[in-house]
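J.: The structure that follows is given in the form of structure tokens.
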Amino acid sequence: MDMSEIDTIPVTVTVNGRKVQRFVEPRTLLIHFLREELNLTGAHIGCETSHCGACTVEIDGQSVKSCTMFAVQADGSAVTTVEGLANPDGTLHALQEGFRQMHGLQCGYCTPGMLMRAKVLLSENPDPTEAEIRHGIAGNLCRCTGYQNIVKAIQYAAAKLNGREFQEAAE
Amino acid sequence: MNEMVITREQREARLEGMGCKRKRVEDIRFTQGKGQYVDDIKLPGMLHGDFVRSQYAHARIKRIDASRALALPGVIAVITAEELKPLGLHWMPTLAGDVQAVLADGKVCFQNQEIAFVVAENRYVVDDALQLVEVEYEELPVLVDPFTAMDPDAPVLRPDLDGKTVGAHGPRKHHNHIFEWTIGDKAATDEAFNSAEVTIKELISYHRTHPSPLETCQCLASFDKVKGELTLYGTFQAPHVIRTVASLLSKIPEHKIHVIAPDIGGGFGNKVGAYSGYICAIVASIVTGLPVKWVEDRMENLSTTSFARDYHMTTEIAATKDGKVTGLRVHVLADHGAFDACADPSKWPAGFMNIVTGSYDFPVAHLAVDGVYTNKAPGGVAYRCSFRVTEAAYCIERAMDVLAQKLGMDPADLRMKNFIRREQFPYQSALGWEYDSGDYHLAMQKAMDAIGYRELRAEQKARQDAFRRGETREIMGIGVTFFTEIVGAGPSKNCDILGVAMFDSAEIRIHPTGSIIARMGSKSQGQGHETTWAQIIATELGIPADDIMIEEGNTDTAPYGLGTYGSRSTPVAGAAIAMAARKIKNKAQMIAAHLLEVSEYDLEWDIDGFRVKGNPERSKTMKEIAWAAYNAPPPGLEPGLEAVNYYDPPNMTYPFGAYFCVMDIDVDTGVARIRRFYALDDCGTRINPMIIEGQVHGGLTEAFAIAMGQEIKYDEMGNVQGASFMDFFLPTAVETPHWETDHTVTPSPHHPIGAKGVGESPNVGGVPCFSNAVNDAFGFLGSTHIQMPHDAWRVWEAAKRLGLHQ
């Protein structure tokens, strides 16, 4: 089978607010499309089996593990990656701030996926309890933090987005 | 300067030096997706490579046919052992003094062993081509159980060692024997047992598991044929060692090898070793003249690059009737897999397993370790622990509970009775270590008070009575652990890696305007070195941490270091950076004296500069001194303000801690619910309490995983089970308990800033604590020891064995 014989298919996706069109092989995974075609290397690959969530991005308001979705399936969609999370004026999103303030990351490998999952979680449930946060991020694995400070980081962001001050310090 | 007068406290606070919860520098890029990990790097013309792997655990390779793969458009090369032979690279030396096949040389010894390296234009074509390489096998009998490895009729796993009766660590007793390592006074220990009032004996196994960082092992090799230079990006916890090894193996001069470890997505010991993927990517780049990237997938990671543990420890304690320990005797059967690729200092085939006397004053002890080959993946890395220290801590902490049960003593009281006392430090252990400092009684008492230990025992008693009366199907366990680690390898008199002494290094340069770049021999994989090293310099030199940039991982610019593992960064590199700073400070004092026209001896240090004793109005800040160092150095003094330090520690450090776990187990489902987990750590001087707590949380979570279910299992055919995240237990936020943390501070007397290291303590202390809680829950029903891991199925089985399911 010659590479040139494989038909490529046009894909049009709005990524972080910018419309992009590329021709891709049908088997191209969305994570590879983002990382290698568009050079958006924020989302990572941790397991290839949709367990770890390091590749999580937002597609049309939903959390998606981009390692188990074909790029062609995203045709016509709006995709937001961690590179598109900061506010339009360049200031950091409350979640990005919260993760730093509450020491919600260490090696940083799960962080982009975790942030994008948390963003959708807070859009669905703006003021979650600790248990709701823990269930809400159960599709995203972190090997470094033990999650406790990630929970706090999300609580920090929820408080800020709701116009409240988050009192608790990072442990 | 129109600067407002600020207080000493404000001057100190703005440094963000040691002891403050400085927010992490790294987070700014990581939260915006701007970290740079190996797989994020793309070079022009870059190719991809991956392995054809063995489907069998033990087989002869009769034929490899790559013709169909090579015919696939986009495939550049297929490399087998035959191609590597002329280069002498088909085998490579291991850190443990053995050799390991880079690509299978006529035979495979574990499932998923590397057979051929396929190089193609992109990763999809590589995957296509892997399916097209035909390998014909002849199956051989498989050896999985280490307890049968030295049976007379056991299969010969390593014909390459045929006739070799002496290995890297002494005589070999059998064709599957690797080494026997013994330490301690055997005769005196045997005598202690012969005259003992009470003895216990238990086989305590620590199962095979895997560090499994979220980023797998990967590299990108780029060989410049014109310059004869190799650039190697990789997930390296020890980049300089990789450079030296790459030079020795490839014969490329070391100065022409540029090893760069960019951001690393977790290591936990997995990224210390040198793997076939690195060698093959380098060779492929040399052969093709193009950059070649190798990225493991998760299954390859879990099944090939470096397992951890697999220690089977027959443990005996001798004691008096009233609970004073009089002797410890341990025999370890160590399953090293198909090649002995343990990542230990070269002279230590069983790592620092001889810390197995733990926190207790054993007058005599003896340890013997037998390493054997089996048809399993090689490795034996220190998964978030100093070398074999978690095995040692598990062994002694479980055994102390077994002894307490036999004596009818409370396990906390038994520990208190046998602790090394504060006044005994520095303490010479029966197995050869000199513990630097500790106050175990203080730490244990603080922990017991904090958790309400006596009340918990009373509650447990009431619940046991209720269980016996049939009023509940839940049993309550209280896990007690007091661990002592040995970290910071190491003094060069003891420790080397392939002959390179285990020092570490720092280089600090102060620029004319008073900001700093410092380069280190260590390499963060998430520990936050860019944040904490700057804090040490800030305190030592009075320059704000925000004005200090830390650089690690580029072997061209960083001084030679042995890397980050075994909690050695703070004890060794952390000392190097303080010592380098002090060299600078000495020179700065000379410059300040010159500027202030006084003698050096008339000056004293004051937070961020020098002032004249008795005349504090006359002073020079470090920033002013830095400018002068480049602008008006004293006559006879060379300009500039920088220093390098290579630190060879006089001893290792001995962090310790008291951990308690409260657990409720449903005997009908086997599900264990962690009610509380309290961890008190003493890591000496605390550089950044926020980062320490984060390390403790993470280490406890890994300990929870290991103790409660994480395992690399093999079936009787040597098929690896659990090599994906479907089967390999990594806890999510839902299962992970809430962690309570606490501390005492006993500085290390020999470390420049008194710090001991903390990243691995929670794993070392956490595993026995969870296991002791499970065992403690079942103890009143007559059980003495239940093997890990304690997943719900095995706990349920334990309950069944005890007859609880009628």
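The values are calculated or read from the model by the stated rules, or taken from the named source; none is laboratory data. Quantities reported herein were computed from a predicted structural model and do not represent experimental measurements. Note that each Cβ is placed from the backbone with ideal geometry, even for glycine, and that neighbours are counted across all protein chains shown.
J.: Kindly provide the set of residues from the stretch A:51-68 that are surrounded by fewer than 18 Cβ atoms within 10 Å (Cβ to Cβ) and not in a helix (DSSP H, G or I), ordered by number.
T.: Of all residues in the stretch A:51-68, those surrounded by fewer than 18 Cβ atoms within 10 Å (Cβ to Cβ) come to A:60-62, A:68.
A:Asp60, A:Gly61, A:Gln62 - these are the residues of the stretch A:51-68 that are surrounded by fewer than 18 Cβ atoms within 10 Å (Cβ to Cβ) and not in a helix (DSSP H, G or I).
J.: Need the failing condition index for A:Ala71 against (1) of a type outside the set (Lys, Arg); (2) under 22 Å from B:Ser212 (Cβ atoms); (3) out of contact with any Gly (no Cβ under 8 Å at 6 or more places or on another chain), just the number.
T.: It is condition (2) that A:Ala71 fails.
J.: Shifting gears a bit: Looking only at the stretch B:713-734, how many residues end up being touching a residue at least 12 places away in the same chain (Cβ under 8 Å) and either under 22 Å from B:His58 (Cβ atoms) or touching a Phe, Trp or Tyr at 6+ places or on another chain (Cβ under 8 Å) (or both)?
T.: Applying the first criterion (touching a residue at least 12 places away in the same chain (Cβ under 8 Å)) to the stretch B:713-734 yields B:713-720, B:722-725, B:728-731.
Filter once more, so that each one left must be either under 22 Å from B:His58 (Cβ atoms) or touching a Phe, Trp or Tyr at 6+ places or on another chain (Cβ under 8 Å) (or both): B:713-720, B:722-723, B:731.
Matching residues across the stretch B:713-734 total 11.
J.: Quick check on the stretch A:78-89: of everything there that is more than 8 Å from chain B (Cβ to nearest Cβ) and in contact (Cβ under 8 Å) with a residue 60 or more places away in the chain, which residue is surrounded by the fewest Cβ atoms within 10 Å (Cβ to Cβ)?
T.: Initial filter on the stretch A:78-89 (more than 8 Å from chain B (Cβ to nearest Cβ)): A:78-80, A:84, A:87-89.
The next check asks that each one be in contact (Cβ under 8 Å) with a residue 60 or more places away in the chain; those that pass are A:78-80, A:84.
Values: A:Ala78: 16, A:Val79: 25, A:Thr80: 19, A:Gly84: 20.
Of everything passing the filter in the stretch A:78-89, A:Ala78 is surrounded by the fewest Cβ atoms within 10 Å (Cβ to Cβ).
J.: While we're on this one: Please identify the pairs in which a residue from the stretch B:35-53 that is away from chain A (no Cβ under 13 Å) and crowded, with 18+ Cβ neighbours inside 10 Å has its Cβ atom under 8 Å from the Cβ atom of a residue that is aliphatic (A, V, I, L, M) and part of a loop (DSSP other than H, G, I, E, B), counting only partners at least 6 apart or on another chain.
T.: Close Cβ pairs (under 8 Å, with a partner that is aliphatic (A, V, I, L, M) and part of a loop (DSSP other than H, G, I, E, B)) amount to B:Leu47/B:Leu290; B:Val52/B:Val133.
J.: Determine which single condition A:Lys119 fails, assuming it passes every other condition in (1) part of a loop (DSSP other than H, G, I, E, B); (2) touching a residue at least 12 places away in the same chain (Cβ under 8 Å); (3) among the charged types (D, E, K, R).
T.: That leaves (1) as the condition not met.
J.: Additional query: Tell me which residues, restricted to the stretch B:317-338, are more than 30 Å from B:Phe110 (Cα to Cα), in a strand (DSSP E or B) and in contact with a helix residue (DSSP H, G or I) (Cβ under 7 Å, 6 or more places away or on another chain). I'd like the intermediate steps shown before the answer.
T.: So in the stretch B:317-338, the residues more than 30 Å from B:Phe110 (Cα to Cα) come out as B:317-329.
Within this subset, residues satisfying the condition of being in a strand (DSSP E or B) are B:317-319, B:325-329.
Hits for the stretch B:317-338 are B:Ile317, B:Ala318, B:Ala319, B:Val325, B:Thr326, B:Gly327, B:Arg329.
J.: When the residues of the stretch A:93-116 are filtered to those that are more than 7 Å from chain B (Cβ to nearest Cβ) and assigned to a loop (DSSP other than H, G, I, E, B), which remaining residue is surrounded by the fewest Cβ atoms within 10 Å (Cβ to Cβ)?
T.: Step by step, filter the stretch A:93-116, then rank; the result is A:His93.
J.: A further question follows. Somewhere in the stretch A:129-149, is a residue away from chain B (no Cβ under 11 Å), at negative phi and among the hydrophobic types (A, V, I, L, M, F, W, C)?
T.: Among the residues of the stretch A:129-149, not one is away from chain B (no Cβ under 11 Å), at negative phi and among the hydrophobic types (A, V, I, L, M, F, W, C), which makes the answer no.
J.: So, one more: So which of B:Glu9, B:Glu16, B:Glu26, B:Glu82 ends up being of a type outside the set (Gly, Ala, Ser), under 30 Å from B:Ile543 (Cβ atoms) and loosely packed, with under 14 Cβ neighbours inside 10 Å?
T.: Values: B:Glu16 fails: loosely packed, with under 14 Cβ neighbours inside 10 Å; B:Glu26 fails: loosely packed, with under 14 Cβ neighbours inside 10 Å; B:Glu82 fails: under 30 Å from B:Ile543 (Cβ atoms).
Selected residue: B:Glu9, the only one of B:Glu9, B:Glu16, B:Glu26, B:Glu82 that is of a type outside the set (Gly, Ala, Ser), under 30 Å from B:Ile543 (Cβ atoms) and loosely packed, with under 14 Cβ neighbours inside 10 Å.
J.: Being closer than 30 Å to A:Gly104 by Cα, more than 14 Å from chain A (Cβ to nearest Cβ), buried (at least 20 other Cβ atoms within 10 Å of the Cβ) and modelled with pLDDT of 95 or more narrows it down to one of B:Tyr647, B:Tyr678, B:Tyr654, so name that one.
T.: On the way: B:Tyr647 fails: closer than 30 Å to A:Gly104 by Cα; B:Tyr678 fails: more than 14 Å from chain A (Cβ to nearest Cβ).
Exactly one residue qualifies, and that residue is B:Tyr654.
J.: A further question follows. So which residues in the stretch B:455-469 are loosely packed, with under 12 Cβ neighbours inside 10 Å and among the basic types (Lys, Arg), if there are any at all?
T.: B:Arg468, B:Arg469
J.: Kindly indicate whether any position in the stretch B:695-712 is within 19 Å of A:Thr145 (Cβ to Cβ), crowded, with 17+ Cβ neighbours inside 10 Å and free of Cβ contacts under 8 Å to residues at least 24 places away in the same chain.
T.: Checking the stretch B:695-712: not a single residue is within 19 Å of A:Thr145 (Cβ to Cβ), crowded, with 17+ Cβ neighbours inside 10 Å and free of Cβ contacts under 8 Å to residues at least 24 places away in the same chain.
J.: Scan the stretch B:301-311 and give yes if some residue there is touching a Gly at 6+ places or on another chain (Cβ under 7 Å), among the small types (Gly, Ala, Ser) and modelled with pLDDT under 95, otherwise no.
T.: Checked against the condition, which is being touching a Gly at 6+ places or on another chain (Cβ under 7 Å), among the small types (Gly, Ala, Ser) and modelled with pLDDT under 95, the stretch B:301-311 yields at least one hit.
J.: Let me ask you something else. Residues of the stretch B:204-229 being assigned to a loop (DSSP other than H, G, I, E, B) and more than 15 Å from the chain's Cα centre (by Cα), which ones? Full working, then the answer.
T.: We begin by selecting, within the stretch B:204-229, every residue assigned to a loop (DSSP other than H, G, I, E, B); these are B:210-217, B:225-228.
Of everything in the stretch B:204-229, those that are assigned to a loop (DSSP other than H, G, I, E, B) and more than 15 Å from the chain's Cα centre (by Cα) turn out to be B:Leu214, B:Glu215, B:Thr216, B:Cys217, B:Lys225, B:Val226, B:Lys227, B:Gly228.
J.: Taking the stated definitions as given, is B:Tyr565 surrounded by 20 or more Cβ atoms within 10 Å (Cβ to Cβ), within 27 Å of B:Gly351 (Cβ to Cβ) and of a type in the set (Phe, Trp, Tyr)?
T.: On the way: surrounded by 20 or more Cβ atoms within 10 Å (Cβ to Cβ): yes; within 27 Å of B:Gly351 (Cβ to Cβ): yes; of a type in the set (Phe, Trp, Tyr): yes.
Judged against the criteria, B:Tyr565 is a match.
J.: Can you find a residue in the stretch B:360-381 that is in contact with an Asp or Glu (Cβ under 8 Å, 6 or more places away or on another chain), in a loop (DSSP other than H, G, I, E, B), polar (S, T, N, Q) and crowded, with 24+ Cβ neighbours inside 10 Å?
T.: yes
J.: Take the stretch A:51-77 and flag every residue that is facing chain B (nearest Cβ under 8 Å) and either touching a Cys at 6+ places or on another chain (Cβ under 9 Å) or at pLDDT below 95 (or both). Break it down into steps so the answer makes sense when it comes.
T.: Within the stretch A:51-77, the subset facing chain B (nearest Cβ under 8 Å) is A:51-52, A:54.
Those that are facing chain B (nearest Cβ under 8 Å) and either touching a Cys at 6+ places or on another chain (Cβ under 9 Å) or at pLDDT below 95 (or both): A:Cys52, A:Ala54.
J.: Would you mind finding the one in B:Ile475, B:Ile508 that is in a strand (DSSP E or B), at pLDDT 95 or above, surrounded by 17 or more Cβ atoms within 10 Å (Cβ to Cβ) and assigned by TED's automatic domain parsing to the domain that holds B:Gly698? Walk me through it before giving the result.
T.: Working: B:Ile508 fails: assigned by TED's automatic domain parsing to the domain that holds B:Gly698.
Of the residues listed, the single one that is in a strand (DSSP E or B), at pLDDT 95 or above, surrounded by 17 or more Cβ atoms within 10 Å (Cβ to Cβ) and assigned by TED's automatic domain parsing to the domain that holds B:Gly698 is B:Ile475.
J.: Here is a further query. Restricting attention to the stretch A:26-50, report how many residues are facing chain B (nearest Cβ under 7 Å) and surrounded by fewer than 21 Cβ atoms within 10 Å (Cβ to Cβ).
T.: 3
Results for (1) modelled with pLDDT of 95 or more; (2) within 22 Å of B:Pro213 (Cβ to Cβ), shown as yes or no for each residue.
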| position | (1), (2) |
| --- | --- |
| B:Lys493 | no, no |
| B:Glu530 | yes, yes |
| B:Gly561 | yes, yes |
| B:Gly574 | yes, no |
| B:Asp606 | yes, no |
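J.: Filter the stretch A:150-171 down to the residues that are among the acidic types (Asp, Glu) and within 28 Å of B:Gly759 (Cβ to Cβ), then identify the one that is nearest to the other protein chains (Cβ to nearest Cβ). First the steps, then the outcome.
T.: Keep residues of the stretch A:150-171 that are among the acidic types (Asp, Glu), which gives A:165, A:168, A:171.
Of the ones still in play, those that are also within 28 Å of B:Gly759 (Cβ to Cβ) are A:168, A:171.
Numbers: A:Glu168: 13, A:Glu171: 4 Å.
Of everything passing the filter in the stretch A:150-171, A:Glu171 is nearest to the other protein chains (Cβ to nearest Cβ).
J.: Another question, then. Does B:Asp668 satisfy the condition of being in the same structural domain as B:Ser437 (by TED's automatic domain parsing) and surrounded by fewer than 17 Cβ atoms within 10 Å (Cβ to Cβ)? Reasoning before the result, please.
T.: On the way: in the same structural domain as B:Ser437 (by TED's automatic domain parsing): yes; surrounded by fewer than 17 Cβ atoms within 10 Å (Cβ to Cβ): yes.
So B:Asp668 passes the test.
J.: What strands (runs of 3 or more DSSP E), lying completely within the stretch B:542-625, carry at least 1 residues that are among the basic types (Lys, Arg), in contact with a strand residue (DSSP E or B) (Cβ under 7 Å, 6 or more places away or on another chain) and within 30 Å of B:Ser761 (Cα to Cα)? If you could, list the steps in order and put the result at the bottom.
T.: Working: elements: B:548-552, B:603-605, B:609-612, B:615-621.
Fully inside the stretch B:542-625 and qualifying: nothing.
J.: A follow-up question, please. Residue by residue through the stretch B:10-31, note down the ones that are aliphatic (A, V, I, L, M) and more than 14 Å from every other protein chain (Cβ to nearest Cβ). First the steps, then the outcome.
T.: Just the residues of the stretch B:10-31 that are aliphatic (A, V, I, L, M), to begin with: B:13, B:15, B:18, B:25, B:28.
Listed by number, the residues that qualify are B:Ala13, B:Leu15, B:Met18.
J.: Mind checking whether some residue in the stretch B:312-329 is more than 27 Å from B:Ile200 (Cβ to Cβ) and buried (at least 24 other Cβ atoms within 10 Å of the Cβ)?
T.: Within the stretch B:312-329, the first condition is being more than 27 Å from B:Ile200 (Cβ to Cβ), and the residues that meet it are none.
Taking every residue of the stretch B:312-329 in turn, none turns out to be more than 27 Å from B:Ile200 (Cβ to Cβ) and buried (at least 24 other Cβ atoms within 10 Å of the Cβ).
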